[in-house]
Amino acid sequence: MAALTKDRDTPMMGEGGMMFVLPHGSAVTIYRGALVVVDSTGTVKPGTTATGLKAAGRAETGTTDDAALARFRRGVFLFENSASGEAITNAHYGDDVFIVDDQTVARTNGTGTRSVAGKCRGVHASGRVWVEI
């Protein structure tokens, strides 16, 4: 699955979740529904294959405004599953899953190239993965 190019309806398991606000990263577009991370500067950016990122949650607002605050929610969200050898199954329940991009997670850290997205909380009948962030 490729990174987002528009807002995404990212389902959440259950109700609620905790809302947070941090500075928006510079020169990036965050789409509503994206898996977002906090980088080493303390700013929020879309998830990507990289190390040293901290999974923050699901973006609640989409923006390209560097001066804006990024709103995100923590909880259990439904994200896209990687393909073939990186695909997550229900056998991986409770395991760490890893960030591929702002809507996709994988079973492994890609030989040390990916940050942890959160814990696998099951695979939906559609093949997408419930991830607790």
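Each reported figure results from applying straightforward, stated rules to the coordinates on display, with no laboratory input. If you're wondering where the values come from, they're calculated on a predicted model, not measured in any experiment. Every residue, glycine among them, receives a Cβ derived from its backbone with ideal geometry; neighbour counts consider all protein chains shown.
The Cα atoms of segment 18-74 cover 25, 24, 16 Å along the three principal axes, with the biggest extent listed first. Listed by chain and number, the aspartates and glutamates whose alpha-carbon sits under 18 Å from that of LYS54, ignoring those within fewer than 8 places in the same chain, are ASP39, ASP95, ASP96, ASP101, ASP102, GLU132.
A simple charge model with +1 on the Cβ of Lys and Arg, -1 on the Cβ of Asp and Glu and nothing else charged puts the dipole of segment 76-132 at about 120 debye relative to its Cα centre. With a Förster radius of 30 Å applied to the C-beta separation of ALA83 and MET12, the computed FRET efficiency comes to 0.80. Taking the convex hull of the Cα atoms, report for segment 50-133 its projected area averaged over all directions, in nm². Over every viewing direction, the Cα hull of segment 50-133 projects on average to 5.8 nm². Amide H contacts under 5 Å for GLY57: VAL36, restricted to partners 5 or more places along the chain or on a different chain, H placed in the peptide plane at 1.01 Å from N.
Charges were assigned to the Cβ only: +1 to each Lys and Arg, -1 to each Asp and Glu. The resulting dipole of the chain about its Cα centre is roughly 140 debye.
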